[in-house]
Amino acid sequence: MASHRQSLKALRHIALTHCRGEHPDLAALARELGSAVRVHADGLDELAARARIAGAPRIRPLRTGTQHVQLLLIAWPANHVSSLHDHGARWGLEIPLHGALEIEAWRRQNDGGDPLAHGRHWLGPGDALWFDADQSRLHRCRNLSGREAALSLHLFGGAPGAGLAYAPPPSTRQRMPPSRPAIAGPLPG
């Protein structure tokens, strides 16, 4: 059984190995990190159990040795929802290590009006979502558990100082409509 320190060290090593060039192959990075999350599940569960958070998420930067790559470990309180934001002109990858996150995607309007909701992604441990620098992706993250903390790893790279570009909150009339289940056909068996 790997300790939480060994687990974080393994994930950091994978991320930094892939980020030696200017722009990593994000799909390959996501696959390798996802495999490592599954292998190190016990250590990551141990780390999540040690997280004592309430109110706002706890963000811990992990050393990368370069200003072009940022690696963040985020502990999300139960049922926490982040602000609507994007990551400027940077590429990035988000991967839950423990628990599950909902990533709600939004699109800016050309006329400068309130952003429009246009999709959701549900990620469990080892599932990753990534974006390129040329994609201005507004989004917000939510811990899907109402009782437990979630833990995720976020990797950003590109132009130093690009930082986070926060958008104004959408008005209540722009809220995303509830999803409706659809029947795709009979279940086998």
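The values are calculated or read from the model by the stated rules, or taken from the named source; none is laboratory data. Computed from a prediction, not measured in an experiment: that's the story for all the values here. Neighbour counts run over all protein chains shown; Cβ positions are idealised from the backbone, glycine included. Ligands, DNA and RNA are excluded from the accessible area calculation, which covers all protein heavy atoms including side chains. Shrake-Rupley method; radii C 1.70, N 1.55, O 1.52, S 1.80 Å.
Suppose the filter is over 14 Å from residue 149 (Cβ atoms), crowded, with 19+ Cβ neighbours inside 10 Å and out of contact with any His (no Cβ under 8 Å at 6 or more places or on another chain); does residue 62 pass it?
Considered against the rule, which asks whether it is over 14 Å from residue 149 (Cβ atoms), crowded, with 19+ Cβ neighbours inside 10 Å and out of contact with any His (no Cβ under 8 Å at 6 or more places or on another chain), residue 62 comes out as no.
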For this session: Restrict the check to the range 84-98 and report whether at least one residue is open to solvent by 30 Å² or more (accessible area, probe 1.4 Å), at pLDDT 90 or above and closer than 19 Å to residue 149 by Cα.
Result: yes
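Within the bounds of the range 20-31, is there any residue that is crowded, with 16+ Cβ neighbours inside 10 Å and under 13 Å from residue 97 (Cβ atoms)?
Taking every residue of the range 20-31 in turn, none turns out to be crowded, with 16+ Cβ neighbours inside 10 Å and under 13 Å from residue 97 (Cβ atoms).
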